[in-house]
Amino acid sequence: MDDAVMTGTSVDASGEGKRRPAGPARQRHTSDFTALTRQIQEAGYMRRNYGYYWAKLIGVTLIGLVLALAFILLGDTWWQMVTAVVLALLMTQIAFLGHDAAHRQIFVSPKWNEWVSLIVVNLFAGMGLGWWNAKHSKHHAAPNKVGTDPDIAPGVLAFTPEAAEARKNRFTRWLATKQGYFFFPLLLLEGVNLHVQGIKRVLGKGRIKRRWVELSFITVRLVSYVALVFLVLSPGKGAAFIGVQLAVFGLYMGISFAPNHIGMPIAPREAGIDFLRRQVLMSRNITGGRWVDTFMGGLNFQVEHHLFPSMSRPNLRKVAPLVRQYCDQLGVRYTETGFGQSLKDVTAYINRVGRGGVDTWACPLASTHRV
């Protein structure tokens, strides 16, 4: 990592970081974010965009109804696989709206945001809001921090050196060395995983707010969806339709979320980092025009989203130049790259981790922010 990100340290001629007193540095770092927040609020970037979101909510509802009618009229034909792809794209856009509502980006009222997220995530998309909220809140609190961020927890893939080294079986260790190549094919199963995890959580013993609302919405959505598919299509075509829809949905969701943090620095368990640097250093923005904003649901402005999670999606593009300039002034690395390059970086990083070629945040900044 470049020495430029080591705000709070001095650098001698050899490039070694010399630690400054922790107290004043922490206070200065806290005031860094406070000053930025003041600029953002004074510029009006925290205001809600009701027209934008009402248009989105009404738009996806109408498109869904038109798509259902087209599905019925088209009938029992293999051309319905095209309908399945379109439905998958629509479901992902709906999931993006659920993400915004859960972050309270749409309305000032917490209750309005909560009910919109329940309707959009549970009833429209058929996923579990409680499971997603619990997981995503932990991620936002400590992105890319070992032992804290569930998005980099050990699983099918190893996102950290510790996870790769923990694999004792020779076959699984070998698979880890090639994991970058089957990462994207695995995303074809992510649609199924998202539904399964949501259902497991809502049926589990843990405390979930509005459990019965979630369970009712999910049940109505999934039962009506499967029933409609097999009423219109023969069993073979129906199974293919659901398979294609879930596969495209999972892939689309995966390539929208994967570039956000994979391949960015991983903070060790003991690292203590101020809020601004924690969110900026671990996040990657995706460059491009407004079509990228639409395609990625605003997640392309990951830095700004992590700094201001409740900021309405249309304001992220407006505030990005201000945040970029502010980070440059502080000497905090602000990462942005093209979409294609980000996917290459993700693949390369995952392969390096599997081969044991990545150290957990191997830069002087790690030692300057120990708790």
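The values are calculated or read from the model by the stated rules, or taken from the named source; none is laboratory data. All values reported here derive from a predicted model rather than from experimental measurement. Cβ: placed from backbone, ideal geometry, glycine included. Neighbour counts: every protein chain shown. SASA here: full protein model, heavy atoms, side chains in, ligands and nucleic acids out. Shrake-Rupley method; radii C 1.70, N 1.55, O 1.52, S 1.80 Å.
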* To do: For the chain, with all protein chains present and a 1.4 Å probe, just round the carbon and sulfur fraction of the accessible area to a whole percent.
  => 63 percent
* Taking the Cα centre of the chain as the origin and placing charges on Cβ (Lys, Arg +1; Asp, Glu -1), which of Gly126, Val229, Thr347 is farthest toward the positive end of the dipole? -> Gly126
* Computed over the Cα atoms, what is the radius of gyration of the chain divided by 2.2 N^0.38 Å, N being its residue count? -> 1.06
* Probe 1.4 Å, accessible area per residue of the chain, Å² -> 47 Å²
* To do: For Val220 and Arg290, calculate 0.36 nm times their separation in residues minus their Cα-Cα distance, and state this gained length in nm to one decimal.
  => 21.7 nm
* **Helix axis angle, 190-203 relative to the chain longest principal axis, alpha carbon, degrees** => 90 degrees
* Tell me the trypsin sites (Lys or Arg not before Pro) within the range 133-198 that lie in a loop according to DSSP and have at most 16 other beta-carbon atoms within 10 Å. => Arg167, Lys168, Lys178
* Structure fact -> Simple SL model, points at 7 angstrom along Cα→Cβ for Val85 and Ala239; separation in nm is 2.3 nm
* In cubic angstrom, how much convex hull volume per residue do the alpha carbon atoms of the range 216-371 span? -> 177 Å³
* In degrees between 0 and 90, to the nearest 10, how far off the longest principal axis of the chain does helix 211-232 point, with axes built from Cα atoms? -> 50 degrees
* Electrostatic dipole magnitude of the chain [Cβ: Lys, Arg +1; Asp, Glu -1; Cα centre; debye, to 20] -> 820 debye
* Highest to lowest packing among 328-335, 97-104, scored as the average C-beta count within 10 Å -> 97-104, 328-335
* Over the range 162-207, what number does the Rg to Rh ratio reach, with both radii from the alpha-carbon atoms and Rh per Kirkwood? -> 1.15
* Highest average packing first - 309-319, 181-191, Cβ atoms within 10 Å -> 309-319, 181-191
* Asked: Between Lys318 and Glu165, what FRET efficiency comes out of the Förster formula 1/(1 + (r/R0)^6) with R0 = 45 Å and r the beta carbon distance, rounded to 0.05?
  -> 0.55
* **Qualifying chymotrypsin sites (Phe, Trp or Tyr not before Pro) for the range 75-165 [loop in DSSP, other Cβ within 10 Å: at most 14]** => Trp78, Trp79
* Of all DSSP beta bridges in the chain, what percent run antiparallel (nearest 5)? -> 50 percent
* To do: Calculate I(q)/I(0) for the range 46-161 by the Debye formula, one identical point scatterer on each C-alpha and no solvent, and give its log10 at q = 0.11, 0.12, 0.14, 0.23 Å⁻¹ to two decimals.
  => -0.50, -0.58, -0.74, -1.21
* **For the chain, with +1 on Lys and Arg beta carbons and -1 on Asp and Glu, the positive-most of Met282, Gly198, Val292 along the dipole** => Gly198
